[in-house]
Amino acid sequence: MGDLDRELLERWQAGDRVAGNELVRRRFGEITWFFRNKVCNESDVPDLVSQTFLGCLQAAEGFRGETSVRRFLYRVANNVLYAYIRKKSKRAREQLDFARVCVHDLDPRSPSSIIMRRREGQAFVQSLRQIPIDDQVVLELKFFDGLSGREIGEVLRVPEGTVRGRLARGLERLRQEVAAQLRAHPAATDDAGVSIEDLERWAEDVRQRRRAELEDGDQ
């Protein structure tokens with residue numbers, strides 16, 4: 001599959017628009033999901049996806065096969081996301097600390113476009129928006145896209161050890177944020193403790209939903 005992606009990208013770079021359309025078709029759903037929970041408004045997603053594929057084509061000349069085309073697309077998508085966050089924060093020309101700013105800061109009224117049936121699952125996806133972008137990205141690449149620490153490092157161009165540190169930090173922040181949201185719910189019990197196992201279980205619920213949507217999109 002990876003070799004086919006590379007062949008399609010090379011042909012697209014050479015001017016084969018049919019190959020480009022096929023690469024977009026193959027990876028469109030995944031890249032759309034990358035942005036789903038990280039935007040202020042769901043209507044922003046199509047433009048960000050388009051920017052990602054255009055950016056992939058423009059950057060293809062510098063692609064030397066150091067990672068898969070899929071992860072290369074995620075790398076471009078992450079750059080597009082950070083530019084979007086800068087623009088939304090009105091600080092496009094300034095340094096922005098992505099280890100501190102979160103999607104919720106940009107628009108506290110904006111909900112996640114991922115709708116889960118159970119309140120725990122909804123608290124999980126909403127809480128991801130309330131932790132720093134750097135943490136949210138690594139957690140969603142792990143939880144939703146199934147990337148390993150090494151693969152996330154390839155996407156972000158950081159050492160695997162840095163990824164492990166961000167994952168540990170992000171998991172703890174996410175655990176605390178979900179617990180706080182559940183305690184604030186009118187139906188909450190006194191015990192609103194959240195474990196890492198709980199986070200993994202709710203992440204699996206989201207993955208199942210993601211898988212079903214991507215499969216429906218292929219039909």
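The table below lists the values:
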| item | result |
| --- | --- |
| C56, C102 arranged by Cβ crowding within 10 Å, fewest neighbours leading | C102, C56 |
| For region 112-211, diffusion coefficient by Stokes-Einstein and Kirkwood Rh (Cα), 10 °C, 1.306 mPa s, µm²/s | 115 µm²/s |
| Evaluated at q = 0.11, 0.12, 0.17 Å⁻¹: base-10 log I(q)/I(0), Debye formula over Cα of the chain | -0.55, -0.66, -1.28 |
| Trypsin sites (Lys or Arg not before Pro) within region 1-108, DSSP loop, no more than 15 other Cβ atoms inside 10 Å | R64, K90, R91, R93, R100 |
| Longest site-free stretch - the chain; sites: GluC sites (Glu not before Pro), DSSP loop, at most 14 other Cβ within 10 Å | 95-219 |
| Net charge of Cβ neighbours under 12 Å - reference T67; Lys, Arg +1; Asp, Glu -1 | +3 |
| Helical mean residue ellipticity (222 nm; -39500 (n - 2.57) per DSSP H run of 4+; nearest 500) of the chain | -22000 deg cm²/dmol |
| Under Karplus coefficients 6.51, -1.76 and 1.60, residue-wise ³J(HN,Hα) of region 16-28 in Hz, glycine/proline x | 7, 6, 5, 5, x, 4, 5, 5, 4, 4, 5, 10, 4 |
| Ranking of V103, V18, V24 by count of other Cβ atoms within 10 Å, fewest first | V18, V24, V103 |
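Readers should treat all values here as calculations from the given coordinates under stated rules, not as data from a laboratory. Since the model is a prediction, treat every value here as computed from it, not as a measurement. Quick reminder, even Gly has a Cβ in these numbers, built from the backbone with ideal geometry, and neighbours come from all protein chains shown.
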